[in-house]
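Asker: Here it is, the structure, as structure tokens.
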Amino acid sequence: MNELLKIEGLTKRYSGNLFALNDLHLTLNGGEIVGLLGPNGSGKTTLIKLVNDCLYPTAGTILVNGNPLGPESKEDIAYLPDCTFLNESMRVNNLLNYYQDFYNNFDKDKAWNMLRDLGINQNARMKTLSKGTKEKVQLVLTMSRNAKLYILDEPIGGVDPAARDYILRTILSNYSEDATVLISTHLIADIENVLDRVLFLKQGQLVLNSTVDEIRSEKGKSVDALFREVFQC
Amino acid sequence: MPWDLDENRPIYLQLMERIEQDIVSGKYNPGDKLPSVRDLALEAGVNPNTMQKAMSELERDGLIHAKRTSGRFITEDENMIKELKRELAQEHIRAFIENMRQLGFDINEIPELITDAAKGGQSNE
Amino acid sequence: MLGKQFKYDMRSLSRILLIVHAFVVVMAIIGSFFSNNSALFQSKESNMWIILFFLFYVIFISVAAFSTQLIIAVDFYKSMFSNQGYLTRTLPLKHSTTFLSKVLSGSLWCFIDLILIFLSIMFVFFSPAMLSEMSVTYQELTDSFQKELGYSLTTFIIFIGIYSTIGVISGVLMIYLSIAVGQLFTSHKILGSVAVYFGITTLTSLLSSGLMIPTGMFSVTSNVPSIDYRFLINSTGIFLVMYSVVTGVVSYILSLYLIKKKTDL
């Protein structure tokens, strides 16, 4: 079992003694679909941004497939942020070429096929597309990479149920035994059947790291129900 | 469409039940080849590891066996399948009897209720 | 990888800058048309129009130069620190490669801008017709230049060329540094960047003049503080160039540090 992600003592402190993450330890192996669950403000996005070198840590180390953060870790990670991160003046087919130019593990044909299945006009400029379509383009580009670690930040958040199904199917069909998908969400019920493992993040601390089956057999309830218990207001 | 799964029970158990049902009802014939774990997981809308676990359990029970490179096949032991069918039926019946008891029926009243319901169903067709 | 990043950076900048500079060229053509046809200078009325045109031309050139700097700054900000930063920072490139690419693309466009503006001014204000209007020939111009300053116009132009190139790169680096420092502010980041930019440019100018005083390169004893241009090719020139190099290198190192270690998207 390879240690795909190894985080030790990860801390992120903002001014005014606000700890978004506090001494977090986490190891993820390959071949799992993992849910990063927690209410807003629990540190999910902070953790994700730190692993992707989009925030700098106050303390701690992160290793991706044995490498510290850098060009190798970025080649190994396919990251889907929770916002429009593409250059909106580019056309969809330009973006395909862009990804192909920079990422060795980008499968342009796969992306092309997915876009075609979704009926997205490849000549269109990003800024002319609707919000939902933009999100689909971003998802397609991310999932067309043959990465070792996929990190999806709230991929099913503002999306209609049909699109949600499509996204979950895409995640499942991308499944490979060495790759791991880390999905952060607060919509647990929709995604529970797809997860191997769940991580509960509460106020910057990891309060649970368990497989879905363990939770259901040991606690006799769904992850969704357990979540409500753990995080009740 | 993803399979309809109860959220309080382990998923792999429910997957096993569904596959057993499919075997027993004839959707899969003895000796048939099962779809791959990935395809079945995709159809069910579940994690492939969970589907894998369900398959492994069914293998242990002898309902499925794996041929090294060709995939997984339903057993050709028709007796085993018949046994399973009976067992599953018994489970449903026991649950039914329990439900009737909770409604206040005596066990002797049940056969008549059944024949009435069956006739009523036929006259409605 | 540097090449690929550079290709995309240039594409992004060129989208607008090509249009701006196409206009610069067009204006230069129109302007040199006017200045080459002294027949048009005859009537009082047409003179007025021509003066208006040249006024407009000067304003336009200034706007073009300013907008070049602005577009380079905005493009840098957008690709590094806005939501697009999520894409830029997660490409499998070292930060130094990405940054170098932006320095090169920004500098290249600044340089193109400088050259085009310089050439257009040459064509419009120093065309043969204009020179004859000023009763000066090119030869007379260069001869008196040589006599006054002790070195030829050509040497001067070469020096200005080198100094400008280094100045352009240094200038772009200062813009980038200001933006990177502005990101450290928790609020009003853009305002912060602008303030930092003015702060840095003012400080470096003052420091430069300040350093020149004790060495006699910058004379403060006469009525107007001034540079003795006779030494431009020797000590003063070398100092100015070295100073630009140092400010450039310092800006580069600081910017890269901030990008690598102190960026929170």
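Asker: What number goes with the only condition from (1) without any contact (Cβ under 8 Å) to a residue 60 or more places away in the chain; (2) farther than 30 Å from residue C:33 by Cβ that residue C:89 does not pass?
Answerer: (1)
Asker: Give C:48, C:1 a once-over and let me know the one that is over 26 Å from residue C:127 (Cα atoms) and open to solvent by 70 Å² or more (accessible area, probe 1.4 Å).
Answerer: Working: C:48 fails: over 26 Å from residue C:127 (Cα atoms).
Result of the check over C:48, C:1: C:1.
Asker: Sticking with this one: Return the total of residues in the stretch C:66-84 being more than 7 Å from chain A (Cβ to nearest Cβ) and either touching a Ser or Thr at 6+ places or on another chain (Cβ under 9 Å) or part of a loop (DSSP other than H, G, I, E, B) (or both). Before the answer, list the steps.
Answerer: The initial filter retains those residues of the stretch C:66-84 that are more than 7 Å from chain A (Cβ to nearest Cβ), namely C:66-82.
Add one more test, that the residue is either touching a Ser or Thr at 6+ places or on another chain (Cβ under 9 Å) or part of a loop (DSSP other than H, G, I, E, B) (or both), and what stays is C:72-73, C:75, C:77-82.
Residues meeting the conditions: 9.
Asker: Just to be sure, is residue B:110 outside the structural domain of residue B:32 (by TED's automatic domain parsing), over 17 Å from residue B:34 (Cβ atoms) and touching a helix residue (DSSP H, G or I) at 6+ places or on another chain (Cβ under 7 Å)?
Answerer: Numbers: outside the structural domain of residue B:32 (by TED's automatic domain parsing): yes; over 17 Å from residue B:34 (Cβ atoms): yes; touching a helix residue (DSSP H, G or I) at 6+ places or on another chain (Cβ under 7 Å): yes.
For residue B:110, the condition - outside the structural domain of residue B:32 (by TED's automatic domain parsing), over 17 Å from residue B:34 (Cβ atoms) and touching a helix residue (DSSP H, G or I) at 6+ places or on another chain (Cβ under 7 Å) - is met.
Asker: Of all residues in the stretch A:199-215, how many are open to solvent by 30 Å² or more (accessible area, probe 1.4 Å), within 14 Å of another protein chain (Cβ to nearest Cβ) and part of a strand (DSSP E or B)? Can you show your working first?
Answerer: The first filter runs over the stretch A:199-215 and keeps only residues open to solvent by 30 Å² or more (accessible area, probe 1.4 Å), leaving A:202-203, A:205-209, A:211, A:214.
Filter once more, so that each one left must be within 14 Å of another protein chain (Cβ to nearest Cβ): A:211, A:214.
Right, trim to part of a strand (DSSP E or B) and you get A:211.
Counting residues in the stretch A:199-215 that are open to solvent by 30 Å² or more (accessible area, probe 1.4 Å), within 14 Å of another protein chain (Cβ to nearest Cβ) and part of a strand (DSSP E or B) gives 1.
Asker: When residue C:12 is evaluated against the numbered criteria (1) touching a helix residue (DSSP H, G or I) at 6+ places or on another chain (Cβ under 8 Å); (2) within 14 Å of another protein chain (Cβ to nearest Cβ); (3) surrounded by fewer than 15 Cβ atoms within 10 Å (Cβ to Cβ), which criterion, by number, is the only one it fails?
Answerer: The single condition residue C:12 does not satisfy is (3).
Asker: Okay, next question. Restricting attention to the stretch A:45-71, report how many residues are in a loop (DSSP other than H, G, I, E, B), touching a residue at least 60 places away in the same chain (Cβ under 8 Å) and on the phi < 0 side of the Ramachandran plot.
Answerer: 1
Asker: Within the stretch A:101-124, how many residues turn out to be farther than 11 Å from residue A:144 by Cα, surrounded by 14 or more Cβ atoms within 10 Å (Cβ to Cβ) and within 14 Å of chain C (Cβ to nearest Cβ)?
Answerer: Within the stretch A:101-124, residues that are farther than 11 Å from residue A:144 by Cα, surrounded by 14 or more Cβ atoms within 10 Å (Cβ to Cβ) and within 14 Å of chain C (Cβ to nearest Cβ) number 2.
Asker: Tell me which residues, restricted to the stretch A:216-233, are within 9 Å of chain B (Cβ to nearest Cβ) and either under 15 Å from residue A:201 (Cα atoms) or in contact (Cβ under 8 Å) with a residue 12 or more places away in the chain (or both).
Answerer: Step one: of the stretch A:216-233, the residues within 9 Å of chain B (Cβ to nearest Cβ) are A:216-217, A:220-225.
Passing the criteria: A:222, A:223, A:224.
Asker: Please verify whether the stretch B:69-85 includes one or more residues that are exposed (fewer than 15 other Cβ atoms within 10 Å of the Cβ) and closer than 30 Å to residue A:166 by Cα.
Answerer: For the stretch B:69-85, residues exposed (fewer than 15 other Cβ atoms within 10 Å of the Cβ) and closer than 30 Å to residue A:166 by Cα: present.
Asker: Would you mind finding the one in C:79, C:38 that is small (Gly, Ala, Ser) and modelled with pLDDT under 85? Walk me through it before giving the result.
Answerer: On the way: C:79 fails: modelled with pLDDT under 85.
It is C:38.
Asker: When you look at residue C:237, is it at pLDDT below 85 and open to solvent by less than 40 Å² (accessible area, probe 1.4 Å), yes or no?
Answerer: Working: at pLDDT below 85: yes; open to solvent by less than 40 Å² (accessible area, probe 1.4 Å): yes.
Answer is yes for this residue.
Asker: Check residue A:177 against each of (1) surrounded by fewer than 16 Cβ atoms within 10 Å (Cβ to Cβ); (2) away from chain B (no Cβ under 13 Å) and name the one condition it does not meet.
Answerer: Failed condition: (2).
Asker: Would you confirm whether or not the stretch C:106-119 contains a residue that is open to solvent by 40 Å² or more (accessible area, probe 1.4 Å) and within 14 Å of chain A (Cβ to nearest Cβ)? Spell out the reasoning first.
Answerer: Of all residues in the stretch C:106-119, those open to solvent by 40 Å² or more (accessible area, probe 1.4 Å) come to C:108, C:111-112, C:114-116, C:118-119.
Remaining after also requiring within 14 Å of chain A (Cβ to nearest Cβ): none.
No, the stretch C:106-119 contains no residue that is open to solvent by 40 Å² or more (accessible area, probe 1.4 Å) and within 14 Å of chain A (Cβ to nearest Cβ).
Asker: Within the stretch A:101-111, can one find any residue that is in a helix (DSSP H, G or I), under 24 Å from residue C:81 (Cβ atoms) and without any contact (Cβ under 8 Å) to a residue 40 or more places away in the chain?
Answerer: Residues of the stretch A:101-111 that are in a helix (DSSP H, G or I), as a first pass: A:101-102, A:108-111.
Within this subset, residues satisfying the condition of being under 24 Å from residue C:81 (Cβ atoms) are A:101-102.
Remaining after also requiring without any contact (Cβ under 8 Å) to a residue 40 or more places away in the chain: A:101-102.
Yes, there is a match, as at least one residue in the stretch A:101-111 is in a helix (DSSP H, G or I), under 24 Å from residue C:81 (Cβ atoms) and without any contact (Cβ under 8 Å) to a residue 40 or more places away in the chain.
Asker: Here is a further query. Identify the single condition in (1) without any contact (Cβ under 8 Å) to a residue 60 or more places away in the chain; (2) open to solvent by less than 30 Å² (accessible area, probe 1.4 Å) that residue A:88 does not satisfy, given that it satisfies every other one.
Answerer: (2)
Asker: Testing residue A:98 on (1) modelled with pLDDT of 95 or more; (2) among the hydroxyl-bearing types (Ser, Thr, Tyr); (3) not in a helix (DSSP H, G or I), one condition comes back false. Which one is that?
Answerer: Against the list (1) modelled with pLDDT of 95 or more; (2) among the hydroxyl-bearing types (Ser, Thr, Tyr); (3) not in a helix (DSSP H, G or I), residue A:98 comes up short only on (3).
Matching residues to (1) assigned to a strand (DSSP E or B); (2) under 22 Å from residue A:178 (Cα atoms); (3) within 14 Å of another protein chain (Cβ to nearest Cβ); (4) aliphatic (A, V, I, L, M):
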| site | (1), (2), (3), (4) |
| --- | --- |
| B:14 | no, no, yes, no |
| B:27 | no, no, no, no |
| B:73 | yes, no, no, no |
| B:76 | no, no, no, no |
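Asker: Okay, moving on. Suppose we keep only residues that are without any contact (Cβ under 8 Å) to a residue 60 or more places away in the chain and of a type in the set (Ser, Thr, Tyr) within the stretch A:72-85. Which one would you say is farthest from residue C:262 (Cα to Cα)?
Answerer: Ranking the qualifying residues of the stretch A:72-85, first place goes to A:84.
Asker: Please go through (1) within 19 Å of residue C:113 (Cβ to Cβ); (2) within 14 Å of chain A (Cβ to nearest Cβ) for residue C:31 and return the number of the only condition it doesn't satisfy.
Answerer: For residue C:31, the failing item is (2).
Asker: Search the stretch A:160-169 for residues being more than 10 Å from every other protein chain (Cβ to nearest Cβ) and open to solvent by less than 20 Å² (accessible area, probe 1.4 Å), and hand back the single one that is farthest from residue B:47 (Cα to Cα).
Answerer: Taking the stretch A:160-169 and keeping what is more than 10 Å from every other protein chain (Cβ to nearest Cβ), we get A:160-164, A:166-167.
Next, only the ones that are open to solvent by less than 20 Å² (accessible area, probe 1.4 Å) stay: A:163, A:167.
Working: A:163: 18, A:167: 14 Å.
Within the stretch A:160-169, the match that is farthest from residue B:47 (Cα to Cα) is A:163.
Asker: Something else now. Considering only residues that are within 9 Å of chain C (Cβ to nearest Cβ) and small (Gly, Ala, Ser), look in the stretch A:46-77 and name the one that is surrounded by the most Cβ atoms within 10 Å (Cβ to Cβ). So that I can check it myself, show each step before the final result.
Answerer: So the first thing to find is which residues in the stretch A:46-77 are within 9 Å of chain C (Cβ to nearest Cβ), and the list is A:49, A:52-56, A:70-77.
Narrowing the set further to residues that are small (Gly, Ala, Ser) leaves A:70, A:73.
Values: A:70: 14, A:73: 23.
The selected residue is A:73.
Asker: Given the options C:19, C:72, C:51, name the one that is at negative phi and touching a residue at least 24 places away in the same chain (Cβ under 8 Å). I'd like the intermediate steps shown before the answer.
Answerer: On the way: C:19 fails: touching a residue at least 24 places away in the same chain (Cβ under 8 Å); C:51 fails: touching a residue at least 24 places away in the same chain (Cβ under 8 Å).
Within the list C:19, C:72, C:51, the selection yields C:72.
Asker: For the stretch B:33-51, indicate whether the set of residues that are part of a loop (DSSP other than H, G, I, E, B), out of contact with any strand residue (DSSP E or B) (no Cβ under 6 Å at 6 or more places or on another chain) and surrounded by fewer than 16 Cβ atoms within 10 Å (Cβ to Cβ) is non-empty.
Answerer: Of the stretch B:33-51, the ones part of a loop (DSSP other than H, G, I, E, B) are B:34-36, B:45-47.
Cutting the leftovers down to out of contact with any strand residue (DSSP E or B) (no Cβ under 6 Å at 6 or more places or on another chain) gives us B:35-36, B:45-46.
Then keep just the ones that are surrounded by fewer than 16 Cβ atoms within 10 Å (Cβ to Cβ); that gives B:35-36.
Checked against the condition, which is being part of a loop (DSSP other than H, G, I, E, B), out of contact with any strand residue (DSSP E or B) (no Cβ under 6 Å at 6 or more places or on another chain) and surrounded by fewer than 16 Cβ atoms within 10 Å (Cβ to Cβ), the stretch B:33-51 yields at least one hit.
Asker: If you check residue A:151 against the conditions, is it away from chain B (no Cβ under 14 Å) and either of a type in the set (D, E, K, R) or open to solvent by less than 30 Å² (accessible area, probe 1.4 Å) (or both)?
Answerer: Details: away from chain B (no Cβ under 14 Å): yes; either of a type in the set (D, E, K, R) or open to solvent by less than 30 Å² (accessible area, probe 1.4 Å) (or both): yes.
Against the criterion (away from chain B (no Cβ under 14 Å) and either of a type in the set (D, E, K, R) or open to solvent by less than 30 Å² (accessible area, probe 1.4 Å) (or both)), residue A:151 qualifies.
Asker: Do we find a residue being surrounded by fewer than 15 Cβ atoms within 10 Å (Cβ to Cβ) and within 22 Å of the chain's Cα centre (by Cα) anywhere in the stretch A:132-146? Please lay out each step first, then the result.
Answerer: Start the filter on the stretch A:132-146 by keeping residues that are surrounded by fewer than 15 Cβ atoms within 10 Å (Cβ to Cβ), which leaves A:132.
Restricting the remaining residues to those that are within 22 Å of the chain's Cα centre (by Cα) gives A:132.
Looking through the stretch A:132-146, at least one residue is surrounded by fewer than 15 Cβ atoms within 10 Å (Cβ to Cβ) and within 22 Å of the chain's Cα centre (by Cα).
The values are calculated or read from the model by the stated rules, or taken from the named source; none is laboratory data. All values derive from a computational prediction rather than experimental measurement. In this analysis, Cβ positions are derived from the backbone assuming ideal geometry, glycine residues included, and neighbour counts consider all displayed protein chains. Note: areas computed on protein heavy atoms with side chains; ligands, DNA, RNA excluded. Shrake-Rupley method; radii C 1.70, N 1.55, O 1.52, S 1.80 Å.
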